[in-house]
Amino acid sequence: MKPLFTAILFVLAFFVHSQQFTLKGKVVDGSQQPMSYVNIILNKPNSETFLTGTSTDDNGEFEINGLTPETYIYNISFIGFETFTGTIDLSKNTTLPLIILKESSESLDQVTVTAKRPTIIRKPDRLTFNVENTALTEGSTLQVLKSTPGIIVSENSINIKSEAATLFINNRRVQLTSTELIQLLESAPANSIKSVDVITNPPASYDADSGSVINIIMGKNLITGYRGSVAANYTQGVFPRYNGATSHFFKNDKINLNLNYSYTNQKINREESTGIDFFDSGNTLDQLWSSQTDRNTRSETHNVNLNFDYYISDNTTLSLTSNGLYLPYFNYRLNNRTSISGATNNFLSRFTADNLSRDNKLNIGTDLNLNTNFKDGSAISINGHYTTYDYERNQNLFSNFFSNANVLTNSSEFNSIANQNTDIMTGKFDYSLPVNESSSFETGIKFSNIKTDSDITRLDIINGVEVVNTANSDAFDYDEKIYAAYANYSKSWDKWDLILGLRAEQTNVDGFSRTLQQTNTQDYFEWFPNASISHNITDNFSLYGNYKRSITRPSYTDLNPFTFFLNENTIVEGNPNLQPTFKDHFVIGSNFLEHFNVEAYYINYDGAINEVPLQDNATNIVAYTPLNVDKTVDFGFDFAFDYNPTDDWNIYAVTSFYNITEENSFNNQNISLERWSNYSILANNFTFLEDNSLNLNLTLTWVGRNQIALRTIDDQLFSEFTITKTLFKKKGVLSLSVEDIFNMQDQEYVLRYLNQSSRSRINLDNRFVKIGFRYKFGNTKLNTNERTTELDERARIKDFQ
């Protein structure tokens, strides 16, 4: 990399000024939100002849290159807003002051135009997947993520390839555990989603522990008035599932209000076959344990989302956002049947374990945000966030043990009560300033505090009497404070773009086990730089590269030393000795011939945190424990293709060949595991009929045999088919989706190193058919940002992009 950057600096030092200039700008609405697909038209003075033009991107930004030095008239227009007109004498590269479009007071023509938008937009640090007006938005938010390139949704995690992702909604972090996050996304309808950003190199304004980021962008209600919708979905998997939702939007000159509610009632099945090889002290096979586990989860989930904007002035907006997740009923039933055999496969004994847990969860997160834009183009943002989380679990576990003659020899039973209360508070201040026509500067500070109090009590039932088991009862207090500051600098000149960022974070952590009188304290200060550079060599060929350092801190759940029993021999426990993971991520890539992209990447993890099943061959107990893997290296090559064979058909294909190496030591013995794998996507989107009322999506995702958390995961093929049809003058939408068409999404893994040997096949309840219907009411005709008369201008604009 060093010779590459040396060459770049050498070229920049001898840069020769051109007599063709660039005009840039950014367009926002009255609430300071970026406006995409706004028309920018350039004319000569006293002439209506069209010279050139463009439209804004998803960030509200535009750029027109190759302009000669002269006077131009620019017109900036968007349906429902007053046209903005200005004059500029162009004699150098120029960035216009922030352009704020005001909503028009005139009545709008009641025409409906389906906007054609690109499916995939690639940038050096991210991929943007536009789903608005596609069949995908008629399903759940989780279905949209499953269809988003680069995202893998497994049973209890959402990953970008092999790395756990951090979820944001409208640039605000969602403070939920991975399991709760999947529950939220599964029950939340996707009809308000505009796009999904898959950000592999987040700028310094993001928390250093964000890692790879998924940012879900929700659409804004740009038109004055009221509109709403109601929706219902029925899903048939192993068991039926039901979902109902309603959304409401209201906007006038001073406020913008959006309220969403959804209810989900479901029963999910999960079957698992597990084999464990236990060894004696001489590392010779001693016993084989074969288990069949059937798990049913029944739940009722309520989700509420509120977004409220108050326009204090044309330049200042006060926003309130709140998300609520309430599970009044979560019933977790696990039936385990385990057979124990000797090394020669002779039957020794067996046991059964029936586990019933009843959970109650409440999670409410609220943001208050103040945004102000100034005449010089600078802006400030002040944000405060508070999350309260309450969790309660009541568990009963009953086990029977049988001899080799299949005679009952012993029974055991216990109850456990677990409680957790968490408060998360953050405060953030951001300031952005355009330094000149081609560069900008951003800086900010942030403070966050996480406090959690949790306790668990195990009550063994002996002769019908509950007796406190002090060895498996505990209380844990956790307090985390993070002080952060960052700075970002970006510059564009000719065909170059440069972004430099630096973030500094001071972390103070205290975890205290009251029963064990054990304290875990971590205090550390770290720097997190990031850099991105790109060069457009021609209109059809560009190069880019980026680097970012980030951190993954142990969660308070991972640090909690509590022990949760799935049965008497399988437990889940925390690790108070966990250390943070540091990640260095390098990428170089190229976009060429308009439709192609290729990337090479290298990621080094120092102390990656993974939950690993550790078998104790002396006690025959398997403990699922989070631990730091000494070193993990992930490198590979990605090839992507995005093409529209016709106006009604889009194809997106990607294939990635990558290698993962994991190195660790156990009891002074070193292990090194390595595997190459392939990840491929083929997605097709179709639009049919003259009025574009029939939409179809078919996505196939292949995940070849790969390595995660010291385990080898077998091949998987994820498949999803979705079709939607609009009805009743486009007020109603009927949808049908099918998942796991080929029955190849189930997970199989093998773990084998040193004296650890196990395997598992998990049959997930992910093969289903889903039918849904959504009906819109209110101001339903105003669902486009273009007038019919503007379509010719857009067609001409495309020729100049």
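Below, the figures for the structure above:
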| quantity | calculated |
| --- | --- |
| Positions within the range 543-570 being open to solvent by less than 20 Å² (accessible area, probe 1.4 Å), closer than 30 Å to Arg295 by Cβ and not in a loop (DSSP other than H, G, I, E, B), in sequence order | Leu559, Asn567 |
| Residue under evaluation Asp715, criteria (1) modelled with pLDDT under 95; (2) in contact with a Gly (Cβ under 7 Å, 6 or more places away or on another chain); (3) closer than 30 Å to Phe279 by Cα, criterion not met | (1) |
| Filter pass, Gly607 being under 25 Å from Leu127 (Cα atoms) and either in contact with a strand residue (DSSP E or B) (Cβ under 7 Å, 6 or more places away or on another chain) or part of a strand (DSSP E or B) (or both) | no |
| Hey, Leu736 within 24 Å of Asn706 (Cβ to Cβ) and in contact (Cβ under 8 Å) with a residue 24 or more places away in the chain or not | no |
| Test: residue in the range 495-510 that is hydroxyl-bearing (Ser, Thr, Tyr) and in contact with a Ser or Thr (Cβ under 7 Å, 6 or more places away or on another chain) | no |
| Only one of Asn133, Asn171, Asn159 that is open to solvent by 10 Å² or more (accessible area, probe 1.4 Å) and at pLDDT below 75 | Asn133 |
| Pair list, Cβ under 6 Å, 6 or more apart: the range 559-574 residue more than 14 Å from Gln395 (Cα to Cα), other residue among the polar types (S, T, N, Q) and not in a strand (DSSP E or B) | Asn569/Asn620; Gly574/Asn560 |
| The range 571-598, residues that are open to solvent by 30 Å² or more (accessible area, probe 1.4 Å) and in a strand (DSSP E or B) | Val572, Glu573, Phe582, Asp584, Phe586, Ile588, Asn591, Phe592, Phe596, Val598 |
| Output for the range 331-356, where each listed residue is of a type in the set (Phe, Trp, Tyr) and either open to solvent by 60 Å² or more (accessible area, probe 1.4 Å) or more than 24 Å from Asn394 (Cβ to Cβ) (or both) | Phe347 |
| Condition check for Leu727: more than 27 Å from the chain's Cα centre (by Cα) and under 25 Å from Gly607 (Cα atoms) | no |
| One residue from Ser291, Ser299, Ser319 being of a type in the set (Ser, Thr, Tyr) and either in contact with a Phe, Trp or Tyr (Cβ under 6 Å, 6 or more places away or on another chain) or open to solvent by 40 Å² or more (accessible area, probe 1.4 Å) (or both) | Ser299 |
| Any hit, the range 196-207, residues being hydroxyl-bearing (Ser, Thr, Tyr), open to solvent by 30 Å² or more (accessible area, probe 1.4 Å), at pLDDT below 75 and closer than 26 Å to Thr632 by Cα | no |
| One residue from Ser247, Ser290 being assigned to a strand (DSSP E or B), farther than 25 Å from Gln236 by Cα and among the small types (Gly, Ala, Ser) | Ser290 |
| The range 431-480, subset outside any strand (DSSP E or B) and among the polar types (S, T, N, Q), residue surrounded by the fewest Cβ atoms within 10 Å (Cβ to Cβ) | Asn463 |
| Evaluation of Ile312 against (1) touching a residue at least 24 places away in the same chain (Cβ under 8 Å); (2) over 29 Å from Lys267 (Cα atoms); (3) open to solvent by 50 Å² or more (accessible area, probe 1.4 Å); (4) among the β-branched types (Val, Ile, Thr) (one fails), failing number | (1) |
| Test: residue in the range 244-256 that is open to solvent by less than 50 Å² (accessible area, probe 1.4 Å), at pLDDT below 95 and among the aromatic types (Phe, Trp, Tyr) | yes |
| Criterion: in contact (Cβ under 8 Å) with a residue 24 or more places away in the chain, on the phi < 0 side of the Ramachandran plot and not in a strand (DSSP E or B) - qualifying residue of Asn394, Asn404 | Asn404 |
| Tyr489 vs. criteria surrounded by fewer than 18 Cβ atoms within 10 Å (Cβ to Cβ), more than 30 Å from Phe62 (Cβ to Cβ) and under 29 Å from the mean Cα position of the chain (by Cα) | no |
| Residue ID - nearest to the chain's Cα centre (by Cα), chosen from residues in the range 492-542 that are of a type in the set (Phe, Trp, Tyr) and either outside any strand (DSSP E or B) or under 30 Å from Asn575 (Cα atoms) (or both) | Phe528 |
| Which listed residue, of Asn383, Asn394, Asn373, Asn404, is crowded, with 20+ Cβ neighbours inside 10 Å and more than 25 Å from the chain's Cα centre (by Cα) | Asn373 |
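For (1) open to solvent by 60 Å² or more (accessible area, probe 1.4 Å); (2) free of Cβ contacts under 8 Å to residues at least 24 places away in the same chain; (3) in a strand (DSSP E or B); (4) under 26 Å from Val572 (Cα atoms), each residue gets a yes or a no:
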| residue | (1), (2), (3), (4) |
| --- | --- |
| Pro613 | no, no, yes, yes |
| Gly636 | no, no, yes, no |
| Pro645 | no, yes, yes, no |
| Ile651 | no, no, yes, no |
| Arg675 | yes, no, yes, no |
| Ser680 | no, no, yes, no |
| Asn692 | no, no, no, no |
| Asn695 | no, no, yes, no |
| Gln707 | no, no, yes, yes |
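The values are calculated or read from the model by the stated rules, or taken from the named source; none is laboratory data. These figures come from a predicted structure and were not determined experimentally. Glycine gets a Cβ as well: all are built from the backbone with ideal geometry, and neighbour counts include every protein chain shown. Note: accessible area is taken over every heavy atom of the protein model, side chains too, but ligands, DNA and RNA are not part of it. Shrake-Rupley method; radii C 1.70, N 1.55, O 1.52, S 1.80 Å.
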